[in-house]
Amino acid sequence: MDETSSLMVKRYFKEYYFRNSGKIEAPSEIEKREFGYFPFGGQMIRHLSFKDIGSFRALLFRESPAGVYCSNSLYLDPTLEMHKKQWIRAEMIFDIDADALHLPCKKEHDIWLCKQCGKKEFGLRPETCPNCKGNRILEMTWACPNCLEGTKKETFKLLDFLESDFGVSGSNIRIFFSGNAGYHVSVAGSSFESLDQRGRSEISDYLTAQGILTEMLFSPRMTPSDPGWRGRMARYIRDLPERTPPFEGGTYDLRIHELANEFTKSKADKFLTQSVSQLSVKIDPMVTTDIHRIFRMPETLNNKTGLVKRECKDLGSFVPLAESIAVPGENEKYQVMVDLCPKIHLGGNYYGPYKSEMKELPYYVAVYIVSKGAGKFLTPAPELSKMSKNLPQQAAAK
Amino acid sequence: MQFGTDDLAKYTFLPEAGDYVRTQGLSVSDLASKDYRKVVERARERVVEAIQGAKVSDKTREKEIEIMSFPVSLMLVKSTKLDHLANRYALAEAVRVEIFLTRERNSKIVEDIFRDFLCIRLEHQDTSSLPEFRVPIADYTRRAEGFHKAEWKLVNRIVGGGRVYVAQHDLVRLIREEIRATIVTRLKDLKLAKVPESLEKIVQELIALTPPPRTSFSTLKVSPENYPPCVVEALKLLEKGENVPHYGRFLMATYLLKVGKTVDDIVALFPKAPDFKQNITKYQVEHIAGLKGGHTKYSVPSCRTLQTHSFCFKDPIKCYEITSPVQYPSRITPLREKFSGKDRKARTPGSSKEQENKSDRRNKQWTKPLR
């Protein structure tokens, strides 16, 4: 990111933290958590610890970091190196990202960039660059309202698994829009907190149906009221419309009879693959199984978009691209040179698509596009153009 | 619940069985006397059975001898000073307990052993078509993670309300390792008094009978054409300049270090990766090798972990029943081919129609009718 853009994005972040840092809650047992942050243009600083939320908020004022993170794990001494911290327990966390859903809209808004010749186009990443035949190709993903609706559906599926199968009480579950392309779910205060990495792999595999066996799942005695995967699969079979292949029978009993007595193993396997792709939850296993991760803090800004990681009190009615804008306002506009940007929907309005054009955009839209790496600020805010580039830090100190 | 001597003869590892022996006032010096000849003989037999057959037989008809011979056999094993015999014996005793618990008709005894010995609160219900015991998920996964077969995976169990539905035989299998560990701990903690001469003879006999421990090799010798398919896939993706997911990179680095490659050899494979940065890659490989950071040398991830992270490219024959890429065989053994079930027809050219029908029937009878 060029200097002007970096200063403008940092100014936006500072404005947000100046007005809103009071909203950032202290995580439970704050002194046992590891904190970390990304300064603008710098490298991740980890292994920090705060005794109270006040000293943490002071850091936000002082630094206005690009990203702020906190561990879901508790440690005896969070400031030490990882192997010396002494892990106590960790909340269970889940990350659902639009990119993992492979929705058809991806090819309309995603962009690929050839690192060899610099060619940039909308669409899915090709095997080789059509221009130079190089194969060092980067993907730049974008999340549209359709993508976020898809991740919301996945989140609802996850909630069903957590409550029905894992017996987690709704009051222990918190849901957040990640501030980019999906949702984060955290489960605190349950017996799962003591699970190690391998135990969490089992939870992850359960949700994603990784390793599920046809012969263990399907049974002639399965009924829709059964718990777990078996009941979920029975309800799926029951609710299929009539004459849906591979079944010929129209009733649940006939279908189960077919499945148990007439399907070959390979036919049953094929049906299993097809059905679990719809019933499983597309979580990121890396996030759930990693117990030494630091995770973006709620009510802080996502450096990839400038949007807030926001808690969803009512997931059904939550509108992520409107309710997570950090500093709303249509009047403060800035000129941005947009390189390549798909049609985006922010704050209730549509912008773009843009290709190599100069646009005057509301501050939050400009920050979004620049943070995605799709453009740069042309004109800095008046106070930035007059003063030194260290100004934001000096202002914070006052 | 009060356990009777019938129960203690079966579950000799329980603290109550130890209390029973103490009430009998048995001391080490007594063991040389004729009165305890049967106890000593049974203790010897327990250990010999463990060495020769990895299983201790059922002699619960003679309840007292069965209860009292257990601590004596622990003493014999401890006197050999052979750690690998301690492990072997503990496992054989654990298997014996497992057999009794599986046959146990009184579900209350099962529940009590789980509650008192393992702090697991089971729920029991015999009326529905589902397995009769329910175990909290965290208690289940903590124990089942040691099993390699996919049927133990949580996803292949019936799970509801935070509990896993488990049939009695599976429930009991889950705790074998804990019983074994308990016996190992008891052996470690045992303060050894000088054993009588008659017992010393038995100890020498047991030492002679015990085979030497297996040795392990820290570095594998594997040529590139025998790398497992997951490692080959990671190398192929890197060569094509495609993005290799985190776990693929981790696997590749740990595996290649295991087969004796150097950090520089491994870093040299990465330049075509779209996000390659020499210093970062080098730091990461050094970290994995235990040269940086916490100085922990990371081991090669298991097949199960690779499946979790969608980086398993199983060869149906050569990967049959391996649990880690380091076990990937360099050649196909006839046994592996037989049990993999792959290419059965191909191996029996001109197979008759009857054989084909059999295979077809087998293919159709894949559900478990009693489940």
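What the table shows:
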item	result
For the protein assembly as shown, alpha-carbon Rg and Dmax in angstrom	31.2, 104
Candidates per trypsin sites (Lys or Arg not before Pro) in segment A:21-84, loop by DSSP, up to 16 other Cβ within 10 Å	A:K51
Fluctuation leader among B:L192, B:L174, B:L74 - chain B, Gaussian network, Cα springs under 10 angstrom	B:L192
Which of A:Y69, A:Y17, B:Y89 has the fewest Cβ neighbours within 10 Å, and the rest in rising order	A:Y69, A:Y17, B:Y89
Dipole of the protein assembly as shown [Lys/Arg +1, Asp/Glu -1 at C-beta], most positive-end residue of A:M297, B:P229, B:A92	B:P229
Gyration tensor (alpha-carbon) shape descriptor, segment A:82-183, a/c threshold 1.5	oblate
GNM flexibility winner over chain B from B:T182, B:T296, B:T60 (Cα, springs under 10 Å)	B:T296
Gyration tensor verdict on segment A:19-105 (Cα atoms; rounded if a/c is under 1.5, prolate if a/b is larger than b/c, oblate otherwise)	oblate
Inter-chain Cβ neighbour average for residues A:204-216, partner chain, 10 Å	6
Chain A: most fluctuating residue of A:N146, A:N331, A:N72 per GNM, C-alpha cutoff 10 Å	A:N331
Distance (nanometres) between label positions extended 7 Å along Cα→Cβ at B:K297 and B:I99	4.1
Which of B:S324, A:C312, A:L279, positive extreme of dipole for the protein assembly as shown (C-beta unit charges)	B:S324
Compactness of segment A:179-315, expressed as Rg and Dmax over alpha-carbon positions, Å	19.3, 56
Cβ-defined net charge surrounding A:R310, 9 Å radius [Lys, Arg +1; Asp, Glu -1]	-2
Rg/Rg_ref, chain A, where Rg_ref = 2.2 N^0.38 Å and atoms are Cα	1.12
Charge dipole magnitude, Cβ of K and R +1, D and E -1 - segment B:160-306, Cα centre, debye nearest 20	240
Size of charge dipole - segment A:89-211 - debye, nearest 20, with Cβ of Lys, Arg +1 and Asp, Glu -1, no other charges	640
Cα→Cβ-extended label distance, 7 Å offset, between B:T5 and A:S194, nm	3.8
Whole-Å distance, taken between Cα centres, linking segment B:1-51 and segment A:86-136	66
Computed [θ] at 222 nm, deg cm²/dmol, chain A (DSSP H ≥ 4; -39,500 (n - 2.57); rounded to nearest 500)	-9500 deg cm²/dmol
Selected from B:F147, B:S107, B:L118, residue furthest toward positive end of dipole (segment B:104-170; charges at beta carbon)	B:F147
Size of electric dipole in the protein assembly as shown: Cβ of Lys, Arg +1 and of Asp, Glu -1, about Cα centre, debye, nearest 20	1560
Largest-first principal axis extents, alpha carbons of segment B:70-122, Å	38, 22, 18
Efficiency of FRET between A:T79 and A:E360 - r from beta-carbon atoms, R0 51 angstrom, step 0.05	0.65
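We did not get these values from a lab; they are worked out from the coordinates using the rules stated. Only a predicted model underlies this, so the values are computations on that prediction, with no experimental measurement involved. Backbone-built Cβ (ideal geometry, glycine too); neighbour counts: all protein chains shown.
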